[in-house]
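Please read the structure below before turning to the comments.
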């Protein structure tokens, strides 16, 4: 697989606005409001793995048709082994699923890649990184949750910074080759700490869609993250 600059850790910081904080009645317009974003983060929740229900394949298909921003699908669902490859087939650029819900994460990652997308593995705050270092060799993205998954607007969990730093060290040592993404509580007050710990990509919801000018909010967050790189 070919890696772009961001996947080797040498590219500019990436900002992925989360449409969980957007107006669901105007998703095409909301995607257009974050022009210039690196990815558009799509939270898929099934009300089983997490206590919230959001959207699924039909909305992802519709979004793919109305935006050129690569879709970053974060599956907070049960049985991702069954469902994850379908999101790649719909045109998602990156498909991330939770290791806590997966029966066979390696085979699921390979199926996602075979369907044409990058494969990501997500870890909840209470899930240790160390047990998955070998598994992560099969992935393109590691998503470290900095809140408990399920709802937007939560406060950043500072205790996740050492986990981000440990993942960064594994990548820099050559043990892994992947992009480090963080999700949860990312805003102007927290993004620099996450960047200093080693994150490459930052999911931001209300910090972007709560701004008067979401595209400018993306630019400013990226600038903040780059200031500590």
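FYI, it's all coordinate maths here, none of it is from the lab. Nothing here was measured: the structure is a model prediction, and the numbers come from that model. Reconstructed Cβ throughout: ideal geometry from the backbone, glycine too, with neighbour counts over all protein chains shown.
Where does the chain land on Rg/Rh, using Cα atoms and the Kirkwood Rh? Show your work: numbers first, answer last.
Details: Rg = 15.8 Å, Rh = 17.1 Å.
Computed over Cα atoms, the ratio is 0.92.
Most fluctuating residue of 123, 161, 27 in a GNM of the chain with Cα springs under 10 Å: which is it?
Maximum fluctuation in the GNM of the chain, among the listed residues, is at 27.
What value, in deg cm²/dmol to 500, does the helix sum -39500 (n - 2.57) over DSSP H runs of n ≥ 4 give at 222 nm once divided by the residues of the chain? Don't skip to the answer; put the middle values down first.
Working: 8 runs with 72 residues, N = 229.
Computed ellipticity for the chain at 222 nm equals -9000 deg cm²/dmol.
Determine, for 87, 132, the number of other Cβ atoms within 10 Å of each Cβ, and report the residues in order from fewest to most.
Numbers: 87 28, 132 17.
Fewest-to-most ranking of 87, 132: 132, 87.
Among 97, 151, which comes first, second and so on when ranked by fewest other beta-carbon atoms within 10 Å? Could you put the intermediate results ahead of the total?
Details: 97 29, 151 14.
With the fewest neighbours first, 97, 151 line up as 151, 97.
Can you compute the modelled spin-label distance between residue 59 and residue 148, with each label point 7 Å from Cα toward Cβ, in nm?
Each label point lies 7 Å from its Cα, and together they span 2.2 nm.
Could you tell me how far the Cα centroid of the range 5-78 sits from the Cα centroid of the range 196-221, in Å?
13 Å
Taking the Cβ of each residue in 96, 190, 67, 127 as the centre, tally the other Cβ atoms inside 10 Å and list the residues starting with the fewest.
Working: 96 29, 190 22, 67 18, 127 15.
Ranked by crowding around the Cβ, least crowded first: 127, 67, 190, 96.
For the chain, calculate the relative contact order in percent as a whole number, restricting contacts to Cα pairs under 8 Å that are 6 or more residues apart.
21 percent
Can you say what percent of the DSSP beta bridges in the chain, counting only those with both residues inside, are antiparallel? Round to 5.
Values: 1 of 33 bridges.
In the chain, approximately 5 percent of DSSP beta bridges are antiparallel ones.
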